[in-house]
Every structure is written in C-alpha cells, then in structure tokens.
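Have a look at the structure below before the remarks.
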Amino acid sequence: MPFREEKVWTATVTRLNQYVRESLRGDSMLRSVILTGEVSGFKPYRGGQWYFDLKDETSVINCVMFGEGVRSASFMPRNGDQVRLHGRVDLYLASGRYQFVADSIRPDGVGTLYQRFEALKAKLQAEGLFESSQKQQLPWRPQKIAVVTSEAGAVLRDIVKVSRARDPGVPLVLVSVPVQGAAAAPVIAEGICRAGRIPGVDVIITGRGGGSMEDLWCFNEECVARAIAESPVPVVSAVGHETDFTIADMVADVRASTPSNAAELAVPDRSDALEGLRMIRQRMTRAALGSIQEAKYALAGCRARMEAQSPVHRLRVLEENMRRLRARMDGAAERAIGQRQPQTALLRVRMDAAIDQRLRHEQQRVAGDRARLQALNPLAVLERGYALVTDGNRVVTRAADAPDTMRLRFSDGSIDVQKMQRAQSDAKGLREKTPGKDET
C-alpha cells in the first residue's frame, strides 16, 4: 500500500519542555493536589528552600518547597517521615524534570497529635510563654547542673562526657525520669520541679534522643511546658536532633540542638575561662600600672605646686625677679644717661653761665650795699674830724643837755671831760654872734 505522509511537529527541546509545562499547568486537576508519601533525600538550602523526594511502594516524584511554604511549616521533615503535601504538579524547564511544588506540609498518620500540637502552641504563645522577655540567662559558670532525663539513654552519657571535657569542676546531678510513653510527661514535669529545689542547682538540662513525633510527644505536653516556664532556674531543652522542634524547646530558656550542645551551652570551657581570666588580669595589671603612673604624675605635680608655694622658693623667685629688674633698671639708666649726655652738657654750660651771671649781680649789689653802709658808718664821720659825745648811755646832741661828765668818742679812741661854766658862757656868746671868716 502506498506510504501516507503524516503531519509532524518539529520543535526544539526548550519549546517541547515549555509545551509540556503549559499543559501540566493548564490541567485543573494538577493545580491543587494533596500528595502523601515517605520523605527521601531531604536537603534544606541556605536560600530557604527544601528539596526532597516523595515515594511510595512503587514510584517516586521530585518535590520542592520554597521560602513562603518553608516559613509557614511547623516542623522540618526527615528522611523516612510520612507526610501530607499540598501543592501543584509542574515541570522544571531547564532539566525537563517533572516535579511537585508543595506549598504546605504536615505529618501524615498523626493528624490528631499534630492538631493538639498546634492548639497547645497557639495557647502558650497567646500567654506569652515563648517571649524572649520571659527567658532567663544562663550563669557564666554554674555551681551545679541538674540533668532531667533517662539514666539508661545516651543523652546522659553525652552530657557527662562533654561537661567533664569542658570543666570537670562543675558537678552534675541526675534526676532520672522516663522520656517516652503516655505516662512520661507528668513524671518529667515533676522531675523539673524537683531539680529546681536541689540546693546549689542553677541550671537544668532536660531532653532525650531523636525519634518520631510519637516518641517525642511527652515533651509536647502542657504539664512539661508549664514546669519549664515556672522553673526558678534556667532550663536548657535538648530534645531530639536539630530538626526536631517541641513545645519544650519553645518554652525553655535556651534550646540546644543536641544533648552534647546543651552541655556546651551550660558549661563554659575551662581553657576559655582561664584565657579570659588571663586577659582580665592583663587588663587589670595595665589599668593598675596606668593608675600608678597617673598617681606619680599627680604627686609630682603636687610636689611642684608645694615647692612653688614654699617661702624659700618664693624668696628665690623674688630675688631673681629683683636681680632681673635691677639689671633692667641699670641698663635703662645707662641708656637714658647715654641718650641725655648732650642735653646734660648743654644744661651744665647754661647753668654755669647763669651762676656766674648771678654771682656778678650779687657781687655788684653787695658792693653797692657796702658803699651805702660805709657812708652811713659813724666811724667814717669820726675819721673826718668829728667826735661823738655821750653821757655813758645816750648820745648828747645839745649843749643844754650836756651833763657834768661826758665822754668824747674819736675815730682812734675815747676821753672823758668835765663841763666848765665859762665854756658854757662862751658857748652862749658864740651862739649869739654871727660867725666870721676868722672865727670860722
């Protein structure tokens, strides 16, 4: 029979993958699917997305959950967990791989427990038991640690091993309790309360190893959460592995990813503490040396101020100031004298001339006074031939007043004379005559 040519679509790989992806997204049944199965190959990434496979007895499908779905998830799945996913079927264009994009996840087969978990979580959160302000701080180095766990489990051995390696001086007290089963929760709560009353205990570690949600359920009970919240000392929760989250973890003051990590958080490394003490000692030594040096400087300053205020020092300062002032004055005087020597010489000449002129004037005045005095000198009159007549006490100027005894004073001496009557008559006659040439 003749060959019949059929219509053939020629496409690139990218175009084919796009077509298949659009076909999957266009199917309404594949846009909202609830998928159950077992988690396998779980890988969380730093970007916030989860990649894993979901499988059943005969098939497997690649699954991915992105940031929004991861942030809303109440737990992190582990390999082997039975989960229930909600999401859509899609195709990854770059590899052409068929995958399931989940937007929510919850455990499958434990629906009742999961609902109880969410209800208690909401209740305690509303009461503020998860708030950071309610958390107590761990002491820097505990005096004694109480471990509330099973004495038969590996948790206790891990805590003891790590604690002894970090600081063997911190004592541990075991409060043995069952950590699995329906009756375990009340015993754990009572053990936490009892541990808080042990003298010297200032940290409590409670927890157990990993397991399923049912295995860890005793740490999701309200009585355990209340006991942790009401503990007078800080409580470190170390339940399961890093991916396990319980109500006890949320209420505890500190959550540890593992029991070993709980011991690391509660017990400081002695070598680190010693190194810290050594550094503190160095800082204190430096601070002390600095304080001593500052005190020395202050003392030296006080000594200098005291010496500056002492009388001896002040006297030396005054003497030095006086010496400098004297030197300055002498220099200034010498400079002033040097500058005024010409003026001084001129003044001396003028002064000498004035003195000579004044002396001459005074000499002339004295000479005139001497001449006048000489003219008025009685002795000079006597030298011209006159005589001075006295009665011993007074000068006699009239003949009528002449006493019997008189003294005549001449220029070269004195004589005493007696008055005679004839002389008086003659004298009278003589006064009555007019004197002539001969008489004269």
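The values are calculated or read from the model by the stated rules, or taken from the named source; none is laboratory data. Quick caveat: nothing in here was measured; it's all calculated off a predicted structure. Don't worry about glycine lacking a Cβ; one is built from the backbone with ideal geometry, like all the others, and counts go over all protein chains shown.
Data table
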item: Selected residue (only one of VAL177, VAL170, VAL239, VAL235 is in contact (Cβ under 8 Å) with a residue 12 or more places away in the chain and in contact with a Phe, Trp or Tyr (Cβ under 6 Å, 6 or more places away or on another chain)); result: VAL239
item: Identity of the residue in the stretch 72-95, charged (D, E, K, R) and under 19 Å from GLY41 (Cα atoms), that ends up nearest to the chain's Cα centre (by Cα); result: ARG78
item: Residue within the stretch 43-50 that is among the hydroxyl-bearing types (Ser, Thr, Tyr) and surrounded by 12 or more Cβ atoms within 10 Å (Cβ to Cβ) present; result: no
item: Test for LEU124: is it in a helix (DSSP H, G or I), closer than 29 Å to VAL70 by Cα and modelled with pLDDT of 90 or more; result: yes
item: Residue match in the stretch 175-190 (condition: acidic (Asp, Glu) and under 20 Å from GLN136 (Cβ atoms)); result: no
item: LYS121, sole failed condition from (1) under 30 Å from ALA73 (Cα atoms); (2) surrounded by fewer than 15 Cβ atoms within 10 Å (Cβ to Cβ); (3) among the basic types (Lys, Arg); result: (2)
item: Where ARG46 falls short, out of the listed (1) of a type in the set (D, E, K, R); (2) in a strand (DSSP E or B); (3) within 60 Å of the chain's Cα centre (by Cα); result: (2)
item: Flag for GLY69 being within 25 Å of SER212 (Cβ to Cβ) and within 60 Å of the chain's Cα centre (by Cα); result: yes
item: Any hit, the stretch 264-276, residues being of a type in the set (S, T, N, Q) and assigned to a helix (DSSP H, G or I); result: yes
item: Qualifying residue in the stretch 68-83 (condition: at pLDDT 90 or above and either touching a Phe, Trp or Tyr at 6+ places or on another chain (Cβ under 9 Å) or under 12 Å from THR36 (Cα atoms) (or both)); result: no
item: Selection status of ALA288, under 40 Å from the mean Cα position of the chain (by Cα) and either within 13 Å of PHE219 (Cβ to Cβ) or not assigned by TED's automatic domain parsing to the domain that holds GLN125 (or both); result: yes
item: Of all residues in the stretch 219-248 being surrounded by fewer than 24 Cβ atoms within 10 Å (Cβ to Cβ) and in contact with a Ser or Thr (Cβ under 6 Å, 6 or more places away or on another chain), the one that is nearest to PRO178 (Cα to Cα); result: ASN220
item: Criterion: loosely packed, with under 10 Cβ neighbours inside 10 Å and small (Gly, Ala, Ser) - qualifying residue of GLY301, GLY338, GLY276, GLY290; result: GLY338
item: Selected residue (only one of PRO234, PRO259 is modelled with pLDDT of 95 or more and under 23 Å from GLN136 (Cα atoms)); result: PRO234
item: Test: PHE100 is under 30 Å from VAL20 (Cβ atoms), among the aromatic types (Phe, Trp, Tyr) and either buried (at least 17 other Cβ atoms within 10 Å of the Cβ) or free of Cβ contacts under 8 Å to residues at least 60 places away in the same chain (or both); result: yes
